[in-house]
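Enquirer: Below is the structure I would like to discuss, written out as structure tokens.
What follows is calculated from the coordinates using simple rules that are stated; it is not laboratory data. Please read these numbers as outputs of a predicted model, since none were measured by experiment. A quick note on method: Cβ atoms are made from the backbone with ideal geometry, for glycine too, and the neighbour counts reach across all protein chains shown.
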Amino acid sequence: MSRGLQPAFRRRRERVVGSDGAPPADSLPDPSAGGAFDGPDNITVSPYGGLVVAEDGEGLQHLFGATESGRTYPIARNELNIDTEEEPEYSEFTGVVFSPDGRTLFASIQTPGIALAVTGPWRRGPRH
């Protein structure tokens, strides 16, 4: 059974659970596993500079950031398998937007319809 959504960084404070309601294992997977980012779909401007992009590509689906210089970095990876173990399918992230105060990033997983709130700490990265 899939472990569901995996946060990209251990320092995040939100409680993330999988489809079974259990927290993820202590050893978090590499959010960029499963290949390079592909199928950028939903894009929002970060209040801290750069962009946040939701994927609708092949395989595992990611939320990733892109700096003003073009460097990308992982935020989250969706491992929620909505099909079978033999033929896995992963639904896309959608609706990426920051709260008005810029402290919370909201995103959804299209199927089965899960809304997520990702809290920082967010900060402006160095300009290159």
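Enquirer: Ranked by Cβ crowding within 10 angstrom, fewest neighbours first, how are 91, 99 ordered?
Expert: 99, 91
Enquirer: What order do you get for 123, 77, 71 when you list them from fewest to most C-beta neighbours inside 10 Å?
Expert: Placing the least packed residue first, the sequence is 123, 71, 77.
Enquirer: Treating each Cα of region 63-110 as an identical point scatterer and ignoring solvent, apply the Debye formula and state log10 I(q)/I(0) at q = 0.13, 0.15, 0.28 Å⁻¹.
Expert: Ignoring solvent entirely, the Cα scatterers give -0.42, -0.54, -1.07.
Enquirer: So what's the net charge close to residue 53: Lys and Arg +1, Asp and Glu -1, counting the other residues with Cβ under 14 Å from its Cβ? Present the calculation step by step, with values, prior to reporting the outcome.
Expert: Details: positive: 71, 77; negative: 38, 41, 55, 56, 68, 92.
Residues close to residue 53 contribute a combined charge of -4.
Enquirer: Moving to a separate point now. For the residue pair residue 119 and residue 85, what label-to-label distance in nm results when each label sits 7 Å from Cα along the Cα-to-beta-carbon direction?
Expert: My value for the distance between the label points is 3.6 nm.
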